[in-house]
Amino acid sequence: MVDAKPRVLFNGDEIAARVREIAGEISAKYPDGGVLFIGILKGSFVFLADLVRAVGRPCHIDFVRISSYGSDTASSGKLDILMDVHIPVRDRHVILVDDIVDTGLTVSQYRERILQMGPRSVEIAALIDKTGRREKHVSLDYCGFRIEGGFVVGYGLDWDERYRYLNSVCLLEGE
Ligand code: IMP
């Protein structure tokens, strides 16, 4: 993928419009705010920053760093927690914020972990739902865009730590 060229799939205006729509749904559901947004690092940092400002209501924000081993490894289904949630989850409405859901393993396993902490509710918001390689069913409560496959970068998403700064979501072509 070294010579891959990013091609814009969703530009900054399109993303901003979708983020406003999702924020509208969240504001309608939680008119008094009080949601605990948990961003899954690193890729969710741009989406989460735009989302909470578009929601514009008092909230709590935390971040976690996790990764899951895919089913092609010996440790299938294991979640590696590099940094866990710090803000107490019990009795709060939680929204897990992810950049992209691919196999679905990471977010579904972390959701299970959060559920064990006794929240009032847990929802999932993802900027991109990449459907073609799903291994674990994930019910996305809020979803920015749906794609079938391909590798996308920008707006927080990286390839080898590159492209996170881009304003658009781009497809890496020439893989
Ligand atoms: P999964 O849903 O457990 O397979 O893992 C999702 C994670 O894989 C995301 O949070 C990203 O870090 C990474 N990922 C999957 N597809 C892409 C992509 O197209 N671009 C950038 N990162 C991706």
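The values are calculated or read from the model by the stated rules, or taken from the named source; none is laboratory data. Since the structure is predicted, the reported quantities are computational estimates derived from the model, not experimental observations. Methodologically, a virtual Cβ is constructed for each residue, glycine included, from the backbone with ideal geometry; neighbour enumeration extends over all protein chains shown. What goes into the accessible areas is simple: the full protein's heavy atoms, side chains included, and nothing from ligands, DNA or RNA. Shrake-Rupley method; radii C 1.70, N 1.55, O 1.52, S 1.80 Å.
Couple of notes before you dig in:
- Cα centre as origin, Lys/Arg/Asp/Glu Cβ charges: the range 13-148 dipole, Debye: 260 debye
- For the chain, the carbon plus sulfur part of the accessible surface works out to 48%, probe radius 1.4 Å.
- Computed extension length for K5-R57: 14.9 nm, one decimal, from 0.36 nm per residue of separation with the Cα-Cα distance subtracted.
- Calculated Rg and Dmax of the chain using C-alpha coordinates, Å: 15.8, 48
- Neighbour net charge for G56 - beta-carbon separation under 12 angstrom, K R +1, D E -1: +2
- Share, in percent, of DSSP beta bridges within the range 13-148 that are antiparallel, nearest 5: 15 percent
- In the full protein context, the range 102-171 carries 47 Å² of accessible surface per residue, based on a 1.4 Å probe and ignoring ligands, DNA and RNA.
- Cβ-derived FRET efficiency at R0 30 Å, D13 paired with E148, nearest 0.05: 0.85
- Of all lysines in the structure, the ones whose alpha carbon falls short of 29 Å from that of K5, not counting any fewer than 8 places away in one chain, are K42, K130.
- With the charge dipole of the range 13-148 set up from +1 on Lys and Arg Cβ and -1 on Asp and Glu Cβ about the Cα centre, the Cα lying farthest toward the positive end among the listed residues V122, G56, L105 is that of V122.
- Of the chymotrypsin sites (Phe, Trp or Tyr not before Pro) in the range 65-156, those whose Cβ has at most 13 other Cβ within 10 Å and which sit in DSSP loop: none
- Under the span-like rule (Cα at least 24 Å along the axis, Kyte-Doolittle mean at least -0.5), DSSP H helices of the chain: 12-29
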